[in-house]
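Okay, so here's the structure we're looking at.
The values are calculated or read from the model by the stated rules, or taken from the named source; none is laboratory data. All figures in this text were calculated on a predicted structure; none of them were measured in a lab. Don't worry about glycine lacking a Cβ; one is built from the backbone with ideal geometry, like all the others, and counts go over all protein chains shown.
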Amino acid sequence: MSIAEFIRENVLRQRLKQAGALAVYDADKRYRELCFDLAAEKVRVIDASESSIESREAALLALREVGQAPKNGQGTPLEGVLIYVPAKGPAIRSTQGAGRLGAGGPRLPPRHLGPERVREKCKTDKSLAIAHGLEDLYVEPEAATKKTRGRRKTGAGE
């Protein structure tokens, strides 16, 4: 197994499989071919080289499809989206540096909350549930008993 195959299969593919979405920042364009080799029926690769606006729109559309059944009922659902950005990645804190692949290599995002964890959080966070289209999971908290403020009213004899 070559180094390129190792990076493609054991780093990029594994992280994409785990997260469902992966952004690879590659200013030196060392990993471009490795990223495009991952493109398949179940994995969509978005190239941000040409137009950042068009690639952003394509990425948003692809992310909506991840895990969803195909609209026509045929084919397989999309399992992941890899976004290739041939530019320097955003500055990351040193605590997140573990997700980085080599000096000057692609910066891979820290592992995110898995789909199960997001669904769990949607039960208590209405804005998160709305953002993920999971409003039906949100459970409205019970109304707390209202406490009165001020002096206690006492009987006439006191």
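Residue-by-condition table, conditions (1) over 29 Å from Glu116 (Cβ atoms); (2) modelled with pLDDT of 85 or more:
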residue: Gly20; (1), (2): no, yes
residue: Lys29; (1), (2): yes, yes
residue: Gly67; (1), (2): no, no
residue: Gly80; (1), (2): no, yes
residue: Gly89; (1), (2): no, no
residue: Ile92; (1), (2): no, no
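For segment 1-25, the set of residues classified as outside any helix (DSSP H, G or I), more than 15 Å from the chain's Cα centre (by Cα) and aliphatic (A, V, I, L, M) consists of Met1 only. Just to be sure, is Gln96 in contact with a Pro (Cβ under 7 Å, 6 or more places away or on another chain), part of a helix (DSSP H, G or I) and modelled with pLDDT under 85? Yes. Taken together, the residues in segment 22-68 that are touching a residue at least 24 places away in the same chain (Cβ under 8 Å), out of contact with any helix residue (DSSP H, G or I) (no Cβ under 6 Å at 6 or more places or on another chain) and closer than 20 Å to Pro90 by Cβ amount to 15.
Filtered by the rule that a residue be hydrophobic (A, V, I, L, M, F, W, C) and part of a loop (DSSP other than H, G, I, E, B), segment 26-84 gives Ala27, Leu38, Ala39, Ala40, Ala48, Ala69.
Yes/no per residue for (1) modelled with pLDDT of 70 or more; (2) of a type in the set (Val, Ile, Thr):
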{"residue": "Lys121", "(1), (2)": "yes, no"}
{"residue": "Ala131", "(1), (2)": "yes, no"}
{"residue": "Glu135", "(1), (2)": "yes, no"}
{"residue": "Tyr138", "(1), (2)": "yes, no"}
{"residue": "Gly150", "(1), (2)": "no, no"}
{"residue": "Thr154", "(1), (2)": "no, yes"}
{"residue": "Glu158", "(1), (2)": "no, no"}
